[in-house]
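Everything below concerns the one structure shown next.
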Amino acid sequence: MSSPEPFGARLRQAMDTRGPLCVGIDPHASLLTAWGLDDDVNGLERFTRTVVEALADRVAVLKPQSAFFERFGSRGVAVLERAVAEARAAGALVLMDAKRGDIGSTMGAYAEAFLDRGSPLFSDAVTVSPYLGFGSLRPALDQAVLSGCGVFVLALTSNPEGAEVQRATASGGSSLAQLMLDHMAGENAGADPMGPVGAVVGATLGAAGVDLDINGPLLAPGIGAQGATPADLPGVFGGAVRNVVPSVSRGVLRYGPDAVALRTAAERFAEEIRVAVGEA
Ligand SMILES: O=C(O)c1cc(=O)[nH]c(=O)n1[C@@H]1O[C@H](COP(=O)(O)O)[C@@H](O)[C@H]1O
């Protein structure tokens, strides 16, 4: 069997043809209510299908937040499985926002769940936490390469509480986040156009103050509901801004359930990103 096209190449192509915007699928109870839906599995299904049908044929990345599906148990996870398959079939890359992190042997099972082509939840990429030690991610990193998938590793998260851990000084004297970014750069070394290991860096942070030259994608959540705007991206990411995948969930979703309004909101963010990144 020929090896699958690497994730870095697939993502770069999607960013070039569709623009870099990632829209998060976060079915908060309050959003279901605002859309006139019940906070139950049927509401979840309607909400998710509407977002996928409105956006999967046009945005580069859709990022379902697993927690909002898991809260409904197995029936919620079944909705998630269908959404992943339908979004991928419509041409979006699916980044499963699961933020898994565990000892290596358990990480192997997470890698099978999200990055093995035979799994019901097979996605193009998954978010993980490196704070059990970067080496604990090895099974996911290896499985990603085998499957042509990506792994997005938390570096500097968008929430203010993240700093006490991520800005702490690591044994070598740099910040813990920088140490993780250095590991990511090592994984991606030599890849063209970029490697499969992405970093998550909040768009809310102001100047990131770390070296983001990892030869990989940089997921930037925090735009919209958390207060960041596309205009903030050059200030946070500097010269690395062309590798940024800006991510918006509630900032787009609040315009539903009308599909045209969802598309218009996504297009508005996409245009603001084009302007901000184009001028950088
Ligand atoms: O990995 C993420 O996507 C993520 C990392 C981070 O640092 N901050 C962050 O908000 N997220 C996720 O991005 C989404 C943000 O949603 P909104 O604030 O509604 O745009 C949520 O699903 C968060 O779990």
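The values are calculated or read from the model by the stated rules, or taken from the named source; none is laboratory data. The model shown is predicted, which means the values in this text are computed figures rather than measured ones. Virtual Cβ from ideal backbone geometry, glycine too; neighbours counted across all protein chains shown. The accessibility values were calculated without ligands, DNA or RNA, using every heavy atom of the protein model including side chains. Shrake-Rupley method; radii C 1.70, N 1.55, O 1.52, S 1.80 Å.
Per the conditions (1) modelled with pLDDT under 95; (2) open to solvent by less than 10 Å² (accessible area, probe 1.4 Å); (3) assigned to a helix (DSSP H, G or I), the sole criterion not satisfied by GLY251 is (1).
Just checking, how many residues over segment 148-175 are in contact with a strand residue (DSSP E or B) (Cβ under 9 Å, 6 or more places away or on another chain) and in contact (Cβ under 8 Å) with a residue 24 or more places away in the chain? Please lay out each step first, then the result.
Here is the first cut: in segment 148-175, the ones in contact with a strand residue (DSSP E or B) (Cβ under 9 Å, 6 or more places away or on another chain) are 149-158, 162-163, 166-169, 175.
Next, from what is left, pick out any that are in contact (Cβ under 8 Å) with a residue 24 or more places away in the chain: 149-158, 162, 175.
Residues meeting the conditions: 12.
Of all the residues in segment 245-274, those that are closer than 12 Å to ILE223 by Cα and within 12 Å of the ligand (Cβ to nearest atom) number 9.
Checked against (1) farther than 26 Å from MET194 by Cα; (2) among the hydrophobic types (A, V, I, L, M, F, W, C); (3) open to solvent by 20 Å² or more (accessible area, probe 1.4 Å), LEU31 passes all but a single condition, namely (3). The helices (runs of 4 or more DSSP H) located wholly in segment 55-116 that include 3 or more residues which are touching a residue at least 40 places away in the same chain (Cβ under 8 Å) and of a type outside the set (S, T, N, Q) occupy 73-89. Of all the numbered requirements in (1) away from the ligand (no atom under 16 Å from the Cβ); (2) open to solvent by 20 Å² or more (accessible area, probe 1.4 Å); (3) within 26 Å of ALA208 (Cβ to Cβ); (4) not hydroxyl-bearing (Ser, Thr, Tyr), VAL165 misses one, and that requirement is (1). Look at segment 29-44: where a residue is closer than 14 Å to ARG71 by Cβ and without any contact (Cβ under 8 Å) to a residue 60 or more places away in the chain and a partner is open to solvent by 20 Å² or more (accessible area, probe 1.4 Å) and aliphatic (A, V, I, L, M), sitting 6+ places away or on another chain with Cβ atoms under 6 Å, you get ASP39/ALA29; GLY43/LEU37.
Assess whether GLU272 counts as being open to solvent by 10 Å² or more (accessible area, probe 1.4 Å), closer than 27 Å to ALA54 by Cβ and free of Cβ contacts under 8 Å to residues at least 60 places away in the same chain.
Values: open to solvent by 10 Å² or more (accessible area, probe 1.4 Å): yes; closer than 27 Å to ALA54 by Cβ: yes; free of Cβ contacts under 8 Å to residues at least 60 places away in the same chain: yes.
Yes: the conditions hold for GLU272.
Quick check: anything in segment 11-22 small (Gly, Ala, Ser), part of a helix (DSSP H, G or I), touching a helix residue (DSSP H, G or I) at 6+ places or on another chain (Cβ under 9 Å) and open to solvent by less than 40 Å² (accessible area, probe 1.4 Å)? The answer is no, given that none of the residues of segment 11-22 is small (Gly, Ala, Ser), part of a helix (DSSP H, G or I), touching a helix residue (DSSP H, G or I) at 6+ places or on another chain (Cβ under 9 Å) and open to solvent by less than 40 Å² (accessible area, probe 1.4 Å).
Residues in segment 175-231 that are open to solvent by less than 10 Å² (accessible area, probe 1.4 Å), in a loop (DSSP other than H, G, I, E, B) and in contact with a Lys or Arg (Cβ under 8 Å, 6 or more places away or on another chain): MET194 alone.
Kindly establish whether SER136 is at negative phi, open to solvent by less than 10 Å² (accessible area, probe 1.4 Å) and more than 16 Å from the ligand (Cβ to nearest atom). No; evaluated as a whole, the condition is false for this residue.
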